[in-house]
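Read-outs throughout are calculated quantities, based only on the coordinates presented, and are distinct from any laboratory measurement. Just so you know, these numbers come straight off a predicted model, no measurement behind them. So basically every Cβ, Gly included, is an ideal-geometry build from the backbone, and we count neighbours across all protein chains shown.
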Amino acid sequence: MGKYFGTDGFRGKAGVDLTSEHAFKIGRYLGYYYKQKHEGAKIVIGKDTRLSSYTYEAALASGITASGCDAYLLHVTTTPSVSFITRTENFDCGVMISASHNPFYDNGIKLMNGNGEKMEDDLQDEIEKYIDGEIPQLPFASEDKIGKTIDFYNGRNRYIGYLTNIATKSFENCKVGLDCANGASWMIANSVFQALGAKTYLINNEPTGTNINKNAGSTCMEGLRKFVVDNKLDVGFAFDGDADRCLAVDEFGNEINGDIIMYITAKYLKAHGQLPSNTVVTTVMSNFGLYKALDKCGIGYEKTAVGDRYVYENMKAYDHMLGGEQSGHIIFRKYAHTGDGLITAIMLMNILVDTQLPLSVLASGVHVYPQVLKNVIVDDKDATLNDPAVMASVTKCVEELGENGRVLLRKSGTEPVLRVMAEASTHEECEEKVDYIIDAMKKSSHLIEVKK
């Protein structure tokens, strides 16, 4: 990760960590970079519903056109739609303005290459150097070389049409709840599901610019769970602010997380000859119960570092077609180069309609193991992980759990924090293992504080 760009773009508090000047400079460098490659270079921009997204859209477009490239505006749309339009409409680059599941006062800038994939690190490194003044001032375009800003609202309609073609059957007679998180999916989700024949019931679909993700969407499932039960719906889907995530709710109001979604879809795809590598790509944070369930189905799995970027890189490198995260970033590589919450919802609906089974039954093959995760501030992350006493405590916990659980220590990428996680048959056993490892850190004088 760089100084500004992490695994999922440049993100921070709007007007503080991420300013309009940052956005202008990103646009300037992108426009300059692609203008050098060929005449007629064009960059497409999408944004979510945050108040600050409008400022960054204008700043990016100004920078891009000042460097001589054309900027195409999709306006409020989802991250996956920007990825789709970038790769199918021959754009040189895609930009999404969003801080995903973060509160409204944060924002972010996500960059995509011409294939709709997350931008390569080397170009992002060059942009960072330009932001910090390490690259000389770039030339401004002049006269007829100045770029244009072009309304590209129709791009969203093309994406909606693409999504509707993924469905294999009509969703007629299905009562579907949609929690749009007051974010980027607030119009698109309803358009797609109504076009497919579903009877839709919406919540959190009135964005104000300051209510995105507020007690809503995939990071706050209580509202959708109650909504599905109260309205006797067949299923509910919750998206995050930019709709690259999707979690579900079954007919009884139970949450269906990304691990369970991967299990349901992998089992179905395998049964229909559509899982050619017979492998699901997960992260190290996927639940132990998912691996047990996949073992029973004879389906293999890979484990990557946390982040859908790493999931996609593994899928692309080894030609796997399904992967994702517990949080709801699910990638169906046949259809998309990024996590797409709407594709995830459509794929689940395909299975519900085709099997005529309720979601609760489809999900019953996974026994989710209790999980306890505690974040601890330490004096030195690497020294703590390599401390003999800490290592011995981990080994002891692993041996005691055997095949009935696991422990995991993971470094935070941005804080002096270690994440200590245990999965076991009971919540009490998880607590016991996590506390035992933290106690070893304390006795070794590495522990500063257990975060609340």
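A few remarks follow.
- Expressed to the nearest 5 percent, the antiparallel share of DSSP beta bridges inside the chain is 55 percent.
- Extension gain, residue 231 back to residue 398 (0.36 nm per residue minus Cα-Cα distance, nm): 55.6 nm
- The charge dipole of segment 158-363, taken about its Cα centre with unit charges on the Cβ of Lys, Arg, Asp and Glu (plus for the first two, minus for the last two), comes to roughly 320 debye.
- Net charge in the neighbourhood of residue 71 (other residues with Cβ under 10 Å of its Cβ; Lys, Arg +1, Asp, Glu -1) is 0.
- Using 0.36 nm per residue and subtracting the Cα-Cα separation, the extra length available between residue 220 and residue 36 on full extension is 61.7 nm.
- Point-charge dipole on Cβ atoms (K/R +1, D/E -1) for the chain, about Cα centre, debye to 20: 720
- Charge dipole of the chain about the Cα centre (unit charges at C-beta), most positive-ward option of 386, 174, 269: 174
- Taken about its Cα centre, segment 371-450 carries a charge dipole of roughly 240 debye when the Cβ of each Lys and Arg holds +1 and the Cβ of each Asp and Glu holds -1.
- The equivalent ellipsoid that matches the C-alpha gyration tensor of segment 5-152 spans semi-axes of 21, 17, 14 angstrom, in descending order.
- Estimated FRET transfer efficiency when R0 is 41 angstrom, pair residue 143-residue 121 (beta carbons, to 0.05): 0.70
- Selected from 164, 247, 136, residue furthest toward positive end of dipole (the chain; charges at beta carbon): 164
- 22 Å tail of the calculated P(r), segment 371-450, as % of Cα pairs: 17
- From the coordinates shown, Rg and Dmax of the Cα atoms in Å corresponds to which of (1) 22.7, 73; (2) 25.0, 94; (3) 22.9, 68: (1)
- Bridge type composition, segment 158-363 - antiparallel percent by DSSP, nearest 5: 35
- Selection among 155, 105, 127 by position relative to the dipole of segment 101-168 gives 155 as farthest towards the positive end (Cβ unit charges, Cα centre).
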